[in-house]
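The values are calculated or read from the model by the stated rules, or taken from the named source; none is laboratory data. Computed from a predicted model, the values in this text were never measured in an experiment. For neighbour counting, all protein chains shown are included, and Cβ atoms are generated from backbone atoms with ideal geometry for every residue, glycine included.
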Amino acid sequence: MSHISALLVKGHLLLQLQAKGTVHPAMSIDFCDGQRWRRKSACCANATWLKGPKSCKEDDSCFCPLRLKGTSMTGADFFPIRELSTYQTKWTIKGRVTSKAPLRTFKQRNGSGQGKVFHVELLDAEGGEIRASFFNDAADKHFELLEVGKCFTLSKGQVKLANRQYNACKHRYELVFDKACQVDGVADDGKIDTVKFSVVELRSVKGKTLPCSVDVCGIVKDYDKSFAFTSKDGKDLVKRTLTLADDSGISMQVTIWGDRAKKEDSEFEGNPVVAMKGVSVKVWQGGLSGSLMEGGSLAFNPDMPEAHKVKSWWTQGGHAQSLTFISQTSGGGGARIAGKLMDVLEMKQKSEQLVNEQEMYSAYCRLSSVQLRKRDEIQPLYYNACLEPKEGNGLPCNRRVDEANFCAVCNKTVKAAPRLNLRCRFEDATGNFWVTTFHPAAEKVLGMTAQEVADIEKSEGREVVEAKLKSCYYAQILQVQLRAKPDNYNGEQRTNVSCPSAQPINRREHARFMLKEIEEMLAKAVC
DNA sequence: CCCCCCCC
């Protein structure tokens, strides 16, 4: 029995089994690595060589090596979550609830009315994690009980293969609890962490099948302001986009939501390290971008090896290193451009053919003209906009005020500031188009603030400001965003096209983008 | 047995 010496801690149990003559030689219990029991056959379901399936009950003296409860086989009295599989039918795990989804109802597929379900994620002292779903009666019974952060023992659930389409938890299996389940709240177990990050390098997400869910740890290289908006299906959302970077030389955008996004800007200032659990990575605009899911976690400057590693990388030169930005290949820092990338000609055609919903396009092009006159009449370049914060989102009212700074919407005299409103012509090798270019885009296009434009016009005159604008023609490559919106004008159907945002390109990134295009073209070419 | 995981 040469393998006996390897059994050590757990060995006494096998010896007991052998002493009782219950181990069938052909069963080859091939364990152990000093930590875990490994055996290929099912435990109690195939227990003839134990004491017979019917006698294998709770508190029975059945020497089932895979049912740790009530034995002294290891220091742990519970079955390791990591080891759960369909080969084990009897187990009791002890874990902390690390996340919990809301209770949902659904229509039973086989017609018989409503069902309900919720799920949690459980973490145990050995760092194993698994998702558990509770159905119907079990859902009613345990929804309130299973609070995030609390510890429980759980048994009498079914183990099934995790459905990777919906389950991002890092376990091959998931648990399903029904009426028969046994769930008990227990005292907090300090050996069980509150969250477990299984960090991967940003570089590694490039090779993954997308969409995927990962845990990451990186430096907040950049952050946007939080942004409140209403989604297409009417949900009020708040988001903030961060650019994370790590020592694998990659940077990527990750969007955070809700309260996480609403934290003060100062929290994101100074390049803190963040660890994120449950970042969903998908392709967006030809690049990869992440979104931190609600059930995930976010930790600032966490005390973990990956965080210390990435921090020292950043301070010891990483901040100056040139990184590969794997999100959309537009601008760098600040607002990014959304919309399908195409050339100017295609953009023109698409916007003319628009029928139903609003569409966004973007193109690399240059400013070729600004409309300064219309039938000899001088066109205003800006207007004075009301700065009064709007109710709800706190953004400025932005309505035009009169010469006395009276805002008709707010019905009072207000503070005001100039906002650009230009009619611009943009051009690339395929064509050009005229478009109303709103303030934020116009400021980027000119590389001047509205205040500067207004000041020059007032102090130096119209001619000087016009010359200044003309000096911007063809000056830089921009990525402009075009919004085409179906509209009704005097009962006539027409498309309203505007430019809500624009950004000078980052030459380095743009060069990479063009190289990639060339490579793709070469790959397609006949050799 | 469910299955949404958000936005441009």
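Can you name every residue in the stretch A:96-130 that is touching a His at 6+ places or on another chain (Cβ under 8 Å) and near DNA strand B (Cβ under 8 Å from one of its atoms)?
Selection gives A:A101 alone.
With A:S266, A:S251, A:S280, A:S289 as the choices, which residue is more than 15 Å from A:V205 (Cβ to Cβ) and modelled with pLDDT under 95? Talk me through it step by step, then tell me what you get.
On the way: A:S251 fails: more than 15 Å from A:V205 (Cβ to Cβ); A:S280 fails: more than 15 Å from A:V205 (Cβ to Cβ); A:S289 fails: more than 15 Å from A:V205 (Cβ to Cβ).
Just one listed residue meets the conditions, A:S266.
Mind counting the residues in the stretch A:419-434 that are part of a strand (DSSP E or B) and in contact with a helix residue (DSSP H, G or I) (Cβ under 9 Å, 6 or more places away or on another chain)?
Adding up the residues that qualify gives 11.
Quick one: how many residues across the stretch A:364-407 are modelled with pLDDT under 90, assigned by TED's automatic domain parsing to the domain that holds A:T436 and assigned to a loop (DSSP other than H, G, I, E, B)?
Count: 2.
Can you say whether A:A442 is outside any strand (DSSP E or B), touching a helix residue (DSSP H, G or I) at 6+ places or on another chain (Cβ under 9 Å) and modelled with pLDDT of 90 or more, as far as the supplied structure shows? If you could, list the steps in order and put the result at the bottom.
Working: outside any strand (DSSP E or B): yes; touching a helix residue (DSSP H, G or I) at 6+ places or on another chain (Cβ under 9 Å): yes; modelled with pLDDT of 90 or more: yes.
Yes; evaluated as a whole, the condition is true for this residue.
Find the residue count for the stretch A:499-527, including only residues that are at pLDDT 85 or above and surrounded by 15 or more Cβ atoms within 10 Å (Cβ to Cβ).
Residues in the stretch A:499-527 being at pLDDT 85 or above and surrounded by 15 or more Cβ atoms within 10 Å (Cβ to Cβ): 7 in total.
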